[in-house]
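Reviewing the structure listed below.
Each value in this text was obtained by applying a stated rule to the coordinates, not by laboratory testing. Here the structure is a predicted model, which means the values were calculated and not measured. No Cβ is skipped: glycine too gets one built from the backbone with ideal geometry, and neighbour counts run over all protein chains shown.
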Amino acid sequence: MGKSKYNAEFHPQLARWIVSSGYSDRKLATEFDVRYDTIKRWKKRHEAFATAIREASKLHDENVEGRLLKSALGSDEPELVERVELASPNQEVSVRTKFAVVQPSLAAQKFWLQHRRPDRWREQPDDDEQVYDEVEFLT
């Protein structure tokens, strides 16, 4: 581990950039070459550092949530799915683009509903009796 002296100009900016990529506080500690306890202490002592991490984390989470929702619902509008720039031997560049309509994802829908509405979409009901009450057994 390196020296753990806090820099008020450097650390909040770098923390914001690292956390906006989806890194956890533990990964942040690794990137700063300090112990995880140091990150926790800096967050308590330096409001700018804590705010930078909180805002970057929130922004990243909102981005993922938006993409999950879009994946669950699909899209009627064609989206760019591939862009390839090809250079020919005489250095002419041609750009090939491919657009596609995003189909809804059943896995994304299931994930979204199980986490947003666990009362209605959980994997296993709390009471097995409730399930059997709704089934008519043939004997």
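Results, tabulated for the structure shown:
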| quantity | calculated |
| --- | --- |
| Residue exposure sequence - LYS43, LYS70 - by fewest surrounding Cβ within 10 Å | LYS70, LYS43 |
| Helix-only CD estimate at 222 nm, as mean residue ellipticity for the chain, using -39500 (n - 2.57) per DSSP H run (n ≥ 4) | -16500 deg cm²/dmol |
| Distribution of pairwise C-alpha distances over the range 10-73, 10 Å bins, in % | 23, 49, 18, 9, 1 |
| Long pairs among LYS70/LYS98; LYS43/LYS110; LYS27/LYS98, criterion Cα-Cα beyond 28 Å | LYS43/LYS110; LYS27/LYS98 |
| Surface/4 of the Cα convex hull for the chain, nm² | 18.1 |
| Amide hydrogen neighbours beyond the local backbone of VAL102, cut-off 5 Å, H modeled | SER75, GLU79 |
| Rounded to whole Hz, the Karplus (6.51, -1.76, 1.60) HN-Hα couplings of the range 17-24, x for glycine and proline | 5, 5, 5, 5, 8, x, 6, 7 |
| Whole-number percent relative contact order across the range 3-103, with pairs defined as alpha carbons under 8 Å at least 6 apart | 23 |
